[in-house]
Every structure is written in C-alpha cells, then in structure tokens.
Amino acid sequence: MGRRIYMRADRVVTGSDPRFEEVTRTLLHEFAHVKQYRSVGYDLTLFGLQYLYNFCKAGFDYESNVMEEDARAQVREISALFDPIGKEFFQIWRSKHLFATLGLPTVKSYRYVADTPSGKVYSLRLQGGVMLITCRGPSNKPVCS
C-alpha cells in the first residue's frame, strides 16, 4: 500500500462519460482514506490497526466504522456539485469541452451570483478561471446556458 489510488480500467472516466458522477464520488471517498492514511504518517500497520479497531468498535459493521463515516461525509461536502444546478455546470463543461481550458473545480460548491432578466446567475471556480451559467425555471429542473 502506497500513496496511490488504483482503479480498474473500466472505472476510469473522462468528464464526458455518463459515469463521471459515480466515479468522482468513489474517488472522493477513497481520497478521504488517503488523508486518513497520511494522518498516521503513511504507516500501513498503524493505519490497518486503526481501521480494524474502528471496525470492531462499530460492532463489525462497515457502515458504522467512523473511518467510513468520515469518508462518506467528505463526499457529502461536495454534493451540491451533483444537484440539478451543479449537474448543469458539468453538462455545459462537457458539451463545450471546457476541461482543457478551465480544468476541474477548486471549490466544493457553486454559488449564487445574481438575478437577471434572463434568469439566476451562478458561478463555479475552476482551476483555469470562473464559469458562469444562467438558469431559468425551478431549481429541481433548471434550464441553463
């Protein structure tokens, strides 16, 4: 065990892949475990013992293991990126091939900017700048551009 996350080849996706959200959530969960591993100085024995201790303490229940709860919490922190408006950012990002120009998000959520005659404006900070979209309609089924 080193400082890498390995995934099967069929799980590797690009921003245009329909499984992007699922794989991103999985990677974020695993990154949380990497942070836990780093917190014990990348000591495999210590990390393993800590995980086993927490697994036993949780009554041998994977879901109740505090280390798994922490990993799920880290995924929830960015859940706004997967709500209907967050998904609109990624639909536009994918359809206009903006990855090469703007890169990936550097924040955990988009933010509301303003109301305009054409709709609500939202922004998302990415590695290469800020992406703005304007959305009309209800927030659970927005139409954005």
Checklist entry - Mind checking which pairs have a first residue in segment 128-145 that is free of Cβ contacts under 8 Å to residues at least 40 places away in the same chain and closer than 23 Å to THR101 by Cα and a second that is among the small types (Gly, Ala, Ser) and open to solvent by less than 80 Å² (accessible area, probe 1.4 Å), Cβ under 6 Å, 6 or more apart or different chains? => result GLY128/GLY103; VAL130/SER123; LEU132/SER123; THR134/SER118; THR134/GLY119
Checklist entry - How many residues are surrounded by 14 or more Cβ atoms within 10 Å (Cβ to Cβ), among the hydrophobic types (A, V, I, L, M, F, W, C) and farther than 21 Å from THR106 by Cβ when one looks only at segment 15-65? => result 4
Checklist entry - Which residue out of ALA71, ALA100 is modelled with pLDDT under 85 and either closer than 28 Å to VAL34 by Cβ or in a strand (DSSP E or B) (or both)? => result ALA100
Next on the checklist: Between a residue in segment 106-118 that is open to solvent by 100 Å² or more (accessible area, probe 1.4 Å) and any residue that is assigned to a loop (DSSP other than H, G, I, E, B) and not hydrophobic (A, V, I, L, M, F, W, C), which pairs come within a Cβ distance under 8 Å, given they are 6 or more apart or on different chains?
Outcome noted: none
Checklist entry - Is it the case that ARG94 is modelled with pLDDT of 90 or more, open to solvent by 40 Å² or more (accessible area, probe 1.4 Å) and basic (Lys, Arg)? => result no
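The values are calculated or read from the model by the stated rules, or taken from the named source; none is laboratory data. In this text, all values refer to a predicted model and were calculated from it rather than measured experimentally. Cβ sites come from the backbone with ideal geometry, for glycine too, and all protein chains shown count toward neighbours. Heavy atoms of the whole protein, side chains included, go into the accessibility calculation; ligands, DNA and RNA do not. Shrake-Rupley method; radii C 1.70, N 1.55, O 1.52, S 1.80 Å.
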